[in-house]
Amino acid sequence: MSDAKTDRPLLEIKNLEKRFDLDQGFLETLKFKQGKIVRESRSVHAVNNISLEARKGEALCVVGESGCGKSTVARLVAGLLTPSAGEIHYGGQRIDNLSRSGMQPLRKKIQMIFQNPYASLNPRMTIRQALEEPVRHHYPNASAAEVRDKVTEVMLSVGVDPSWAKRYPHEFSGGQRQRIAIARALTVDPEFIIADEPISALDVSIQAQVLNLMLEAKESRGLTYLFITHDLSVVEHFGTRVAVLYLGSVCEVADTATLFSNPKHPYTRALLSAVPQLKDDRPNHIRLKGEIPTPINLPKGCPFQSRCAFADARCKSEKPKAIHQPDGSMVACHAVEEDRLDAVAAG
Amino acid sequence: MSLLSVRDLTVKFAMRDQTVTALNGISFDLAKGERLGIVGESGAGKSITGFSLMNLLSRPGYIDTGKILFEGEDVVQMNDKRLRNLRGNRMAMIFQDPMVTLNPVLTIGQQMIETLMAHRKLSHEEARQIAIVKLREVYIPSPEERLEQYPHELSGGMRQRIIIAIALLLDPQLIIADEPTTALDVTIQADIMELMLELCQSNQVGLILITHDLGVVSQMTERTLVMYAGRIIEAGRTREIINDPQHPYTQGLINALPQQTVPGQRLKQIPGNMPGLASIPEGCAFNPRCKYATDLCRSRIPEIVHYGEVEVACHEVQRLNSDEDRQEARA
């Protein structure tokens, strides 16, 4: 690990932005205002100026509530969406502007696991077909026997009996389907796995099984993960670094242990306090006022200011930059920078 | 007298080629104003229990045997008129997805006023005033304006608050909440939980909270039932069950949570899956997944008995407790 740290990170995201246009086409952009026809197009600001890095062997978790842009980040990195601005580098190579054929070798290295194993497996393909397809695609020269062996080996490693290969996805339970989806990602020996809420649709006892499987794969194959989730207890267990997103912007990035023992951003603190605790009788839940504003018209200044108890005039006008903290975390908050947080809490 | 008393409730589903048992002899009581949690994984029968309490099961499901005494009257035997008087009026239900519960083509006001006028002899204006008061109780800002809005104009958290307001409209004795916060974000979930707790306590309303989330149960309820494959396998005070579970399944469920393991270590998983209703194993339904299972477990269904502070359905609970690793784990 120590020598890897001096190297460049495996994945670098620099000033990434993604906007989705709401008004597409010329006619939709025409609006009638104050007696005049004007052209105006609105867009959803899903991701705003996000910079993140993941080093080899890390599990970078991206957490946040619905609408914070975490899935958009995953899709941008996987190359399923094209960024509006910013750069994504993988292994030193810029990947966000590659052509389809240029992306081809990377698709083998970067694989994705989706939330819903009921939707991510083709219902008309047997498990064997579903698992063999990526191998055939990425290793066109492999013989049928080699493909078969590869698939059998991966099935065994995720705990799916190879004799089930002739079955169709509907014959499996949710947990088994997610194992199959993980197997499909692993058949081409990837280096980097993007997992978008991979266990949210599963029962508690099955979540543990799948999470263990992903941890095993991480150790035995030296995988690096970009793990998207809303579940903080999973983050604490699985992640090595965490990025907290709010309304398309990064609030705080820190090592998992640092973030959970010493959260700094007011939103991170509120988020952590809201998790229902098993054994605490009296939770001291920090109540947030209001709700997440719409990402169509982003508030000026800090995205969190409308719900933040520490917001002042500066927060309303100036968007905070991510600033390095002494313990290695990065926090984008004026109140943290000015050291007002704990002063207010104490007074 | 308890508010609700369920005795030997058995629910079956008549499928084309066979009849499966979804609930198998469930019995429990709920005192006035008490908050009870029902936990279990998908397929355990917790939602079916909720539906049965209001006699809402529709074909192919039916209540085969058993009694559901609500304020002394058997819900199973009620005719349609009595049931209409019961549902929404004395017992109300909150579901997971507010968008399914709310009618998308009616305004919030229409839906609330309709409910009130169907059950009480009220003028439209009186009903409207009650609706405003109830919306204010669930901390909805500017309730007069909300009454004119349609469900799609509101956020998820706001919709769930409105569902709670509708459930409380007629001051019911009991609210059955089926995964009320599962679809919500954690910060909103915490708000809604706080609100429900506050309303239940201040109005002395009984609550049956159906959820898979042990953290939610731990913070919201006084007593808990743990269900597995259509039976109650453990019941008792929530604190006891969370801190010192007796049934191997409950133990497994709690130990499987990520917060119970050192970060980065292997989670303590329960092997296998919950059995389907058509293939519930003989004996104790949990035996194929249980590391303590014996021949007795594989042949005879355990009865639910008092053990220490809780009730538990497990043949091996005594041995389990004298088990050395468990003693060590506790120490």
Cut-off 10 Å between beta-carbons: net charge of the residues surrounding B:Asn203, Lys and Arg +1, Asp and Glu -1: -3
Calculated FRET efficiency for the pair B:Arg300/B:His152, C-beta based, R₀ 41 Å, to 0.05: 0.15
Size descriptor, Kirkwood hydrodynamic radius, that averages inverse alpha-carbon separations across the stretch B:184-245, Å: 12.7 Å
Amide H within-cut-off set for A:Ser249, under 5 Å, with H built and near neighbours excluded: A:Asn48
Protection proxy ranking of A:227-234, B:158-165, A:257-264 - average other beta-carbon atoms within 10 Å, highest first: B:158-165, A:227-234, A:257-264
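For the stretch A:101-236, what is the per residue volume of the convex hull drawn over the alpha-carbon atoms, in cubic angstrom? Spell out each step's value before the answer.
On the way: hull volume 15.1 nm³, N = 136.
It is 111 Å³ per residue.
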Eligible aspartates and glutamates near B:Lys121 by straight Cα distance, threshold 17 Å, same-chain separation 8 or greater: B:Asp171
Relative contact order (percent, whole number), the stretch A:126-284, Cα cutoff 8 Å, 6+ residue spacing: 15 percent
Listed residue pairs exceeding 27 Å between alpha carbons, taken from A:Lys279/B:Lys46; A:Lys56/A:Lys319; A:Lys70/A:Lys316; A:Lys109/A:Lys264; A:Lys70/A:Lys321: A:Lys56/A:Lys319; A:Lys109/A:Lys264
Hz values of 3J(HN,Hα) by residue in the stretch A:117-130 - Karplus curve (6.51, -1.76, 1.60), Gly and Pro given as x: x, 7, 9, 8, 10, 5, x, 9, 10, 5, 4, 4, 4, 4
For the stretch A:146-224 versus the stretch A:25-103, the gap between their alpha-carbon centres in whole angstrom: 28 Å
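Would you mind calculating the gained length between A:Glu40 and A:Ser220 on full extension (0.36 nm times residue separation, minus the Cα-Cα distance), in nm to one decimal?
Details: separation 180, 0.36 × 180 = 64.80 nm, distance 5.30 nm.
This chain segment gains 59.5 nm when fully extended.
Taking K and R as +1 and D and E as -1, what net charge do the other residues with C-beta under 11 Å from the C-beta of B:Asp178 add up to?
Summing Lys and Arg as +1 and Asp and Glu as -1 gives -1.
Per DSSP helix of 4 or more residues, -39500 (n - 2.57); summed, then divided by the residues of chain A. What does that give at 222 nm, rounded to the nearest 500?
Numbers: 13 runs with 118 residues, N = 347.
Rounded to the nearest 500, it is -9500 deg cm²/dmol.
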Inter-chain shielding of A:211-219 (mean C-beta neighbours from other protein chains, 10 Å cut-off): 2
Bins of 10 Å, starting at 0 and running to the largest distance - Cα pair percent for chain A: 5, 22, 30, 24, 13, 5, 1, 0
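For the stretch B:178-224, which GluC sites (Glu not before Pro) pass both filters: DSSP loop (anything but H, G, I, E, B) and at most 16 other C-beta atoms within 10 Å? It would help to have the intermediate numbers written out before the result.
On the way: sites: B:Glu194, B:Glu198, B:Glu222; in loops: B:Glu222.
Qualifying residues, ordered by number: B:Glu222.
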Using θ = phi - 60° and Karplus 6.51 cos²θ - 1.76 cosθ + 1.60, couplings along the stretch B:140-154 (whole Hz; Gly, Pro as x): 8, x, 5, x, 4, 6, 4, 4, 8, 8, 9, x, 5, 7, 10
Sequence-separation-based contact order of chain B, relative, with Cα cut under 8 Å and 6+ spacing, percent: 20 percent
Cβ neighbours within 10 Å from other chains - mean over A:196-208: 5
Net charge contributed by nearby residues that have their C-beta within less than 10 Å of A:Ala335 (K/R +1, D/E -1): -2
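On average, how many beta carbons from a partner chain sit within 10 Å of the beta carbon of a residue in A:154-161?
On the way: counts 0, 0, 0, 0, 0, 1, 0, 0.
Mean shielding count: 0.
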All aspartates and glutamates inside 13 Å of A:Lys18 as judged from Cα atoms, apart from same-chain residues fewer than 8 positions distant: A:Glu87, A:Asp96
Scattering curve values for the stretch B:67-164, log₁₀ I(q)/I(0), Debye with Cα scatterers, q = 0.19 Å⁻¹: -0.96
Residues with amide H under 5 Å from that of B:Leu207, placed H, sequence gap 5 or more: B:Glu34, B:Arg35, B:Leu36, B:Ile175
In order through the stretch B:183-188: 3J(HN,Hα) via Karplus (6.51 cos²θ - 1.76 cosθ + 1.60), integer Hz, x for Gly, Pro: 7, 9, 5, 4, 5, 5
Dimensions (Å) - the protein assembly as shown, Cα atoms, principal axes, largest first: 72, 72, 54
Relative compactness, chain B, computed as alpha-carbon Rg over 2.2 N^0.38 Å: 1.06
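Since every read-out is calculated from the coordinates, none of them should be taken as a lab result. Here the structure is a predicted model, which is why all the values come from computation and not from measurement. Glycine also receives a Cβ, built like all others from the backbone with ideal geometry; neighbour counts cover every protein chain displayed.
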